Amino acid sequence: MFDGLLWVLQNIGQAFFNFGYAITHPGLWLDWSDKQAIMRFVYYGGSVEFFFVVFTAFLVLTAVGIWRRSIMWGAVRVLEGLANGLGRVAAWTGLLMVLQQIMIVFLQRIFRVAEIQFGPLGYGFAKDLSWWSEELKLYNAMVVTLCVTYTFVQGGHVRVDLIYAAVGHRMKRLIDMAGSLLFMMPMAVLIWMYGWFFMWRHLITPKPSASDTLDRLLLKARAVRWNVETIGFSPNGFNGYFLFKILLVLFAGLVFLQAVAFFYRSYLEFVEGEDSADRFLDKDTLGAGEEAFEGTH
């Protein structure tokens with residue numbers, strides 16, 4: 001147990017050096033004209049070193065926020081603003097999905113059109129109707145992955161309530177803090193660790209593995225090349241399934257950031273009491289009569 005604690009403390013201390021070195025030497029991992037830089041980016045994105053950089057940043061921000069709560073409230077507003085802004089934009093893909101489905105039905109069943117072609121800015125783009133039909137899955141995935149934190153901020157997720165409603169304000173905030181630390185953050189980290197290498201295995205070759213060391217990946221860099229997945233489930237079907245892997249990584253990152261925001265908000269509302277409940281919370285409203293509308297559902 002002592003060895004494990006010492007390992008954690010060593011990695012926290014090393015995180016300051018790793019972060020500073022990455023910032024002062026961006027070409028080592030951002031200059032993708034260098035194949036070794038690509039492999040360093042792949043390795044560190046799912047590495048223990050990157051985890052402890054993020055974890056240490058969370059500890060430092062938490063300590064500063066406890067010392068000066070206005071900074072923590074600022075972090076809450078920024079992170080919830082990110083969730084709301086991204087979610088409100090991504091939600092429009094739901095309307096686009098409906099309109100595109102209607103268009104496909106009319107073109108296929110009434111006009112017997114086999115493909116859709118358009119040329120924005122002089123660039124021709126023609127795909128079979130089955131491609132456009134399968135592409136609807138992408139819009140659905142965007143709504144799920146990019147609107148998940150927006151829905152959380154808006155209080156739209158289903159809550160299985162066994163004891164939460166019966167306890168007081170401070171106990172609710174303790175439950176929320178525990179949920180953020182014990183469920184949201186670990187789940188987001190696990191999905192990130194899985195999704196990061198899953199994404200890159202469909203973008204480059206030789207395929208990287210989560211078990212590869214940095215030295216092994218640098219050796220593979222000699223033969224690395226872009227090999228973006230363009231295989232569909234049908235001959236003329238949608239062939240951009242690598243986008244789903246990217247969305248999976250974005251989903252994990254957004255959930256982790258929202259877990260941080262939720263922990264901070266819960267802590268602040270615990271310390272400051274009921275008067276601080278929902279402070280700075282930017283929730284959408286239905287306008288006049290909203291309470292009556294919600295009461296019927």
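The values are calculated or read from the model by the stated rules, or taken from the named source; none is laboratory data. Fair warning: this is a prediction, and the values are worked out from it, not measured in the lab. Note that each Cβ is placed from the backbone with ideal geometry, even for glycine, and that neighbours are counted across all protein chains shown.
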Inset, instruction - Just need a number here: residues in the range 225-279 that are of a type in the set (S, T, N, Q) and either closer than 15 Å to Trp196 by Cα or at pLDDT 90 or above (or both). - result: 4
Legend entry - Leading residue by the ranking (surrounded by the fewest Cβ atoms within 10 Å (Cβ to Cβ)) among those in the range 13-52 that are outside any helix (DSSP H, G or I) and over 21 Å from the mean Cα position of the chain (by Cα): Ser33
Inset, instruction - Tally the residues that are closer than 17 Å to Gln10 by Cβ and not hydrophobic (A, V, I, L, M, F, W, C), restricting the search to the range 51-74. - result: 1
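Based on what the data block shows, is Thr230 in contact (Cβ under 8 Å) with a residue 40 or more places away in the chain and not in a strand (DSSP E or B)?
no
Just need a number here: residues in the range 66-110 that are in contact with a Ser or Thr (Cβ under 6 Å, 6 or more places away or on another chain) and at pLDDT below 95. Show your work before the answer.
Residues of the range 66-110 in contact with a Ser or Thr (Cβ under 6 Å, 6 or more places away or on another chain): 83, 104.
Now narrow it down to the ones that are at pLDDT below 95: 104.
Count: 1.
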Inset, instruction - Would you check if there is a residue in the range 76-83 being more than 15 Å from Leu254 (Cα to Cα), under 17 Å from the mean Cα position of the chain (by Cα), assigned to a helix (DSSP H, G or I) and not acidic (Asp, Glu)? - result: no
Inset, instruction - Filter the range 267-286 down to the residues that are without any contact (Cβ under 8 Å) to a residue 40 or more places away in the chain and within 23 Å of Val167 (Cβ to Cβ), then identify the one that is surrounded by the fewest Cβ atoms within 10 Å (Cβ to Cβ). - result: Asp275
Legend entry - Set Thr230, Thr213, Thr205, Thr151: member being over 25 Å from Val271 (Cα atoms) and either of a type in the set (Asp, Glu) or in contact with a strand residue (DSSP E or B) (Cβ under 7 Å, 6 or more places away or on another chain) (or both): Thr205
Inset, instruction - Could you give me the residue pairs with C-beta distances under 9 Å whose first residue belongs to the range 117-145 and is assigned to a helix (DSSP H, G or I), whose second residue is at pLDDT 80 or above and of a type in the set (Lys, Arg) wherever it lies, and which are 6+ apart or on separate chains? - result: Glu135/Lys127
